Amino acid sequence: DYGNLTPTEISPEYVNVTISNFGNVPFNISVRAFAPNESLAYLNLSMTCESRNISNANQRVSIANGTKFADMTRLNNETQLIQNFTLQQRTNDIVFGNDTNTTFWKLQVPPLKSGICNGTIIFGAIPI
């Protein structure tokens, strides 16, 4: 949830998504964003809204906290690997280590958009 944003505004705070590997195989993470109506996939939408929509280029991810919006990775309607994000297999059930990592997310609302928006992000694990 990026909160209440006005047109042209970039979400002021990062939305953090922490991912943990509770398995016994190291893996990389992939992401894919799309609007709720998958038949609109060709439009490369991240969210559908009551008035206008938000394209995938307006929703971005980074593995580093504090990354400027312009430097974050743009999403698209295809599954893409999050670069330099590997989760090692779990070796200690008491203490989290390199089996846990965080992604940081931001959204920019395009001009003339209004209303409630809804979209989906799918996370995938790719064994290495």
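Structure notes:
- Using 0.36 nm per residue and subtracting the Cα-Cα separation, the extra length available between Asn118 and Ile10 on full extension is 37.2 nm.
- Average accessible area per residue (Å²) across the chain - probe 1.4 Å, nucleic acids and ligands excluded: 58 Å²
- Nonpolar atom fraction for region 1-95, defined as the carbon and sulfur part of the 1.4 Å probe accessible area, stands at 47 percent.
- Taking each residue as 0.36 nm, the span from Arg74 to Ile19 lengthens on full extension beyond its C-alpha to C-alpha distance by 17.9 nm.
- Near the amide H of Ser55, within less than 5 Å, lie the amide hydrogens of Ser46, all on another chain or at least 5 residues away, with H placed in the peptide plane.
- With one equal scatterer per alpha carbon and no solvent term, the Debye-computed log10 I(q)/I(0) for the chain at 0.10 1/Å reads -0.35.
- Computed extension gain for Thr86 through Asp1, at 0.36 nm per residue and net of the alpha carbon distance, reaches 28.1 nm.
The values are calculated or read from the model by the stated rules, or taken from the named source; none is laboratory data. All values derive from a computational prediction rather than experimental measurement. Surface accessibility is based on the protein's heavy atoms, side chains included, excluding ligands, DNA and RNA. Shrake-Rupley method; radii C 1.70, N 1.55, O 1.52, S 1.80 Å.
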